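Just below is one structure, and these are the notes that go with it.
The values are calculated or read from the model by the stated rules, or taken from the named source; none is laboratory data. Note that the structure is predicted; figures quoted are calculated from it, not measured. Glycine gets a Cβ as well: all are built from the backbone with ideal geometry, and neighbour counts include every protein chain shown.
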Amino acid sequence: MAQVVDFLNTIIWSKFLVYLCLGAGIYFSVLLLFPQVRLIKDMVGQLFTGGDSESGVSSFQSFAMALGGRVGTGNIAGVASAIGFGGPGAVFWMWAIAFLGAGSAYIEAALAQVWKEEMDGEYRGGPQYYIEKGIGSKIFAVVFAVSAIISVGFFLPGIQANSIALAMDNAFGIPTVVSGIIVALALAAIIFGGVKRIGKAAEVLVPFMAIAYIIISLIIIVMNIGDVPAVFKLILVNAFSTKAAFGAIIGQAIMWGVKRGIYSNEAGQGTGPMAAAAAEVSHPAKQGLVQAFSVYVDTLFVCSATAFMILITGMYNTVDGAGGYLYSHASMNGVDPGPVFTQAAVDTLIPGLGSKFVAIALLFFAFTTLLAYYYYAESNVAYLAKKIKNHKVVFNVTRVVLLGMVVVGSINSAGTVWALGDVGVGIMAWLNIIAIIILTKPGVATLRDYEKQKAQGLDPVFDPRKLGIKNADLWVRKLEKKEKAS
């Protein structure tokens, strides 16, 4: 099994996917004239405009749901593994894919809004919908939906559950299976309440956990402020090093930085748009900008917090791929890359309590990611089950399966669950990035229309008919209803 998974990863995560992810980010950023810089004020401003409705959640709740999916194990264990396998230079490439990926994140979220649908009084959308309605390929859409269900329903939950279980065992001595069962029961209490309950839970948990974690990291950085320039130099030098140590420019630093960056911020992966589609907004560009901002928050803030804590304290190892180390801290000798790096780093601030703090932070991070994973799985199940009359039964089966995978993942080996997760992320990224490149024209048109209306002093309202966008039936029905009412 391990050999099969490793073989799939070598194919899926070849250098071509790395080039595709970075290239798509550059492509969309240039076409959109770098909205991640020009429109940063709009990104933040749109977070708090509008409210929810009977069918959709608020823009902020959608942001929190997507950020809950992004801010998870990848921000603690993922960053540690990027440094452990790719060296400090991998952090630079995580920043690069976040900055450039904001362009891809805008496009996929805006497209999800354009072609969203309403089902059982809730908005549904994502790559499966814009592939079918925008590209016109039902087969392509079904392939993505099936891939997404396997990834977020079977593969990825195991990573979050495994990280929670290992961290709680390390910090408090709680058996992994006990942690798995407790997390599954808490998760069940929320996901059986539907998207509204998921949105409200994310709205409360996500800001709390992210702010607390960043505050601790800032304290550690301030205590070691004199070492900050050296850490920046370490990251930059090793990001572009031509030496064997830490990999050349086309080597382990880029591979691990991009791989873990995409796993963490999900830009281009195709999951973020599913949360974006749930928002009640007057124009797709509004939620596109909000989702682009969530990529910043995830990588440039939370991932960077972890990276600086690890690097500034030196609490890490970087393997050389031949059974030895390129770098190894004396107290970390033999420790595999993972949350232990971060726990050791925090221990330098609060000795004996670092592992407990990180375990609790990881619990919150991974739990909200599990909430998002369920919502993503349900969105794809909803797409495939549209014509099934009693599809609520199908939703309940999905919930039970995901809860089961949480328990199973908590007792599996970390290497296995991470490898399976990489397969899932890679497959979705390949399919989704190809799709959004094909749909470049309508994606770019949404931002241009938004900016045109803003320049006229208007609160942008989307009318797909004026842009020549077809099959955006939900938007047309809403406009026709308003026109009749007036």
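Within segment 373-389, being of a type in the set (A, V, I, L, M, F, W, C) and at pLDDT 80 or above holds for ALA377, VAL381, ALA382, LEU384, ALA385. When residues in segment 333-373 are screened for being within 20 Å of ASP227 (Cα to Cα) and part of a helix (DSSP H, G or I), 7 of them pass.
Restricting attention to segment 453-486, the residues that are over 30 Å from the mean Cα position of the chain (by Cα) and more than 24 Å from PRO127 (Cα to Cα) total 12.
GLY72 meets the stated requirement of being at pLDDT below 85 and more than 30 Å from PHE462 (Cβ to Cβ).
Exactly one residue among THR440, THR446 is within 30 Å of LYS15 (Cα to Cα) and of a type in the set (Ser, Thr, Tyr), and that residue is THR440. Only residues that are among the small types (Gly, Ala, Ser), modelled with pLDDT of 75 or more and assigned to a loop (DSSP other than H, G, I, E, B) were counted in segment 296-323, giving 1.
Yes or no, residue by residue, for (1) farther than 22 Å from GLY443 by Cβ; (2) of a type in the set (Lys, Arg); (3) surrounded by 14 or more Cβ atoms within 10 Å (Cβ to Cβ); (4) modelled with pLDDT under 85:
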| site | (1), (2), (3), (4) |
| --- | --- |
| ASN9 | yes, no, yes, yes |
| TRP13 | yes, no, yes, yes |
| CYS21 | no, no, yes, yes |
| SER29 | no, no, yes, no |
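Of the helices (runs of 4 or more DSSP H) lying entirely inside segment 81-170, those carrying at least 1 residues that are of a type outside the set (A, V, I, L, M) and over 21 Å from ALA372 (Cα atoms) are 89-114, 138-150.
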